[in-house]
Amino acid sequence: MNFSTILKLSIQRVIKNRKRNTIVLIPLIIMIILLLFSIIIQYSMQLYANNIGFNIDMRRISGINYTPEQYQKIVEKLSSMEHIDMIVGQYDSRIVATVTCEQFQNEKTDGKVYEAPSNDKTSPDVIKGRKINNDDKYVIIIPDKIYADGNTIRTFENPVLEDEYINGEELLGKNVRMRIQGENKELYKYFEVIGIYDSSKYEDTQTIYMPQTIIRELNKELEVTFSEFYMEVVVDKVENLNEVKNQLIEEGILNKSKIQIDASDDKEISIEYSNFISTTNINIETLQLIKNTTYFLLVSSFLILIVLLITTNINKTYISATELGILKIEGYKNKHIQVITIFENIFICIIAFIIAFILFKILQIIGNFIIDYLIQKDTISLTLNNIKEQLFLIKRIPQKINYNIVIIVFFFIILVESINTFFINKRVLKKNISDIIKI
């Protein structure tokens, strides 16, 4: 019997036994959809963690209250802790002024940028140039695509247009002139562009990184004063945020329960709690939610796989046995019967994968639509706003599929089904024809 005949008979059996094959097809489709969701969550979560690996804003814990007299003591205590890459005081966090750059301006952007402190450990990953060293002075790392505009708020409906970007790579190695306009003083400084980071990777086109020491120096030169002091730390890895946060609470450095609500407006909260929630707690909860969801889907997929195999066994043993006997009566050899039924199952797996992938894409579109709707919907309570922020972080996760894993899973299912079919058929085909038909 040639290969084309075997394929033809297998396809005929798929069509002829389509009602019976539904018993196998439906649980297989469900399992594949769950596996696809598991794969996309696992792969996306890993990409997300990798992408924010050097992003200070996604690795910081804010809300550490201190006084200038306590500063050195708290710094020494924080320096002794593990997983902390940078300690940022009130003067080190941001330049308390409007920062614009002449080279970042064009007809549609005013050149306004945001600055973030950096050192040798927290310097962003660069695609060109080099990172910031601890002995650097007036140097900066900028995005490859700069959207320097402090006047326009961009939304989903009003995105940044391509001609509004400045090409940061053209400025590598050059000196740019910064205008730093404080409340009572104005400064002009030149910074050398030493590195370019990937704006799409960090989802950021307005932040420039400069040495932490220079930010402190500029704030002092601007004669900036604070009435309240809040410190933050930058953790080495996102997965260590929770450990560091708990350690800070245990040491009494971070007061998790300190919430101040203005009686006149229940939406207002204290600065330290707001910073703590927005930069740390939500991030940890989001990653934990993704991990829990992944585990749930993997366990569910595994259970459905077991049900699928049991269903297949019952199906093949009690329903297909008679057909196997008929094939023997028609003169087919056992090895030919094995190949025909195995290919039948392979076609069922292919059909299931196609249907599952289409349904998966539909569910993904619906899920994204719901998340977008909830993000854009106005909310009034603190709890709902926190949920919105968490949804926004989930939305930021690149929803990509690792197709290599999908292919491996596809062939694994085919292999399991083929082995399963082979052994069930082998047990049935060992009997004589009259016994097979009686089953």
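The values are calculated or read from the model by the stated rules, or taken from the named source; none is laboratory data. Every value quoted in this text rests on a predicted model; they were computed, and no experiment measured them. No Cβ is skipped: glycine too gets one built from the backbone with ideal geometry, and neighbour counts run over all protein chains shown. These area figures cover heavy atoms from the full protein model, side chains too; ligands, DNA and RNA do not enter into them. Shrake-Rupley method; radii C 1.70, N 1.55, O 1.52, S 1.80 Å.
Find the residue count for the range 134-159, including only residues that are surrounded by fewer than 20 Cβ atoms within 10 Å (Cβ to Cβ), over 24 Å from R216 (Cα atoms) and at pLDDT 90 or above.
Total meeting the criteria: 1.
Could we say that E82 is more than 30 Å from I253 (Cβ to Cβ), charged (D, E, K, R) and part of a loop (DSSP other than H, G, I, E, B) here?
So E82 fails the test.
Kindly indicate the residue of the range 91-104 that is at pLDDT 90 or above and assigned to a loop (DSSP other than H, G, I, E, B) and also nearest to E228 (Cα to Cα) among those meeting that condition.
V96
What's the total number of residues in the range 10-44 that are closer than 30 Å to I394 by Cα and either free of Cβ contacts under 8 Å to residues at least 60 places away in the same chain or more than 30 Å from the chain's Cα centre (by Cα) (or both)?
1
Just one of (1) under 30 Å from L298 (Cα atoms); (2) at pLDDT 90 or above trips up L78, so point out which.
If we test L78 against (1) under 30 Å from L298 (Cα atoms); (2) at pLDDT 90 or above, just (1) comes out false.
Could you check the range 120-133 and list, in sequence order, the residues that are touching a strand residue (DSSP E or B) at 6+ places or on another chain (Cβ under 8 Å) and either surrounded by fewer than 22 Cβ atoms within 10 Å (Cβ to Cβ) or hydrophobic (A, V, I, L, M, F, W, C) (or both)?
Once the filter is applied, which keeps residues that are touching a strand residue (DSSP E or B) at 6+ places or on another chain (Cβ under 8 Å) and either surrounded by fewer than 22 Cβ atoms within 10 Å (Cβ to Cβ) or hydrophobic (A, V, I, L, M, F, W, C) (or both), the range 120-133 yields K121, D125, V126, I127, K128, G129, R130, K131, I132.
State all residues of the range 222-241 that are open to solvent by 60 Å² or more (accessible area, probe 1.4 Å) and at pLDDT below 85; if no residue qualifies, say none.
Result: S227, E228, K237, E239.
From the set of residues in the range 327-351 that are surrounded by fewer than 13 Cβ atoms within 10 Å (Cβ to Cβ) and part of a helix (DSSP H, G or I), which is modelled with the lowest pLDDT? Break it down stepwise before answering.
Here is the first cut: in the range 327-351, the ones surrounded by fewer than 13 Cβ atoms within 10 Å (Cβ to Cβ) are 329-331, 333, 335.
Then drop every residue that is not part of a helix (DSSP H, G or I), which leaves 329, 335.
Working: I329: 80, K335: 84.
Here the residue is I329.
How many residues are assigned to a strand (DSSP E or B) and open to solvent by 30 Å² or more (accessible area, probe 1.4 Å) when one looks only at the range 160-214?
Qualifying residue count, the range 160-214: 10.
Do the conditions hold for S62, that is, is it open to solvent by less than 10 Å² (accessible area, probe 1.4 Å), within 17 Å of Y209 (Cβ to Cβ) and polar (S, T, N, Q)?
So S62 fails the test.
Search the range 111-123 for residues that are more than 14 Å from G195 (Cβ to Cβ) and of a type in the set (D, E) and pair each with any residue that is open to solvent by 20 Å² or more (accessible area, probe 1.4 Å) and in a loop (DSSP other than H, G, I, E, B) when their beta-carbon atoms are under 8 Å apart and the residues are at least 6 apart or on different chains.
Note: pairs meeting the criteria are E115/R94.
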